C-alpha cells in the first residue's frame, strides 16, 4: 500500500493545536472537538510538545502505534472517532479527506518528539 504511514507535525498556536501541510494545502489547520484532549494525553511525556511534535498515523496497525481510534459516525462533513482504551471521542474535520479517499474504519496513531527532526516551518 503506497504511503501507508502519514506524518504531520502539530504544534500549538494561541492555545490551539494545529498543523501545517503544504502538500495538502493546509496551514494552521486546527484540531477541535475532543481531538485536542487526545493530543494532550498522547503528548504528556513529550517535553515542549506545544512547540511541535511528530504524529504518525495510518489506517492499519504499525510498530509503536500508541492509540487505536475506531470510526463512530459521520457528522457535519467530518467524522467522529473513539479511542476506547482512553474512553475518549473526537471529531476529525473534512481535512481527513486530504489523506484518505474515505474515512478509515480505524486510525492508528503514534506521537514522538521532534528532537533531531529538521524543522519544516
Matching residues in the stretch 22-41 - criterion: being exposed (fewer than 14 other Cβ atoms within 10 Å of the Cβ), part of a helix (DSSP H, G or I) and over 14 Å from the mean Cα position of the chain (by Cα) = 22, 23
Extreme residue, surrounded by the fewest Cβ atoms within 10 Å (Cβ to Cβ), among residues of the stretch 42-51 that are touching a residue at least 40 places away in the same chain (Cβ under 8 Å) and assigned to a helix (DSSP H, G or I) = 51
Condition broken by residue 74, with the remaining ones in (1) more than 24 Å from residue 115 (Cα to Cα); (2) free of Cβ contacts under 8 Å to residues at least 12 places away in the same chain satisfied | (2)
Hey, can you tell me all the residues within the stretch 1-20 that are touching a strand residue (DSSP E or B) at 6+ places or on another chain (Cβ under 6 Å) and part of a strand (DSSP E or B)?
-> 6, 7, 8, 16, 18, 19, 20
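Values quoted throughout were computed directly from the atomic coordinates according to the rules given, and no laboratory measurement underlies them. All of these numbers come straight from a predicted model, not from anything done at the bench. Neighbour counts run over all protein chains shown; Cβ positions are idealised from the backbone, glycine included.
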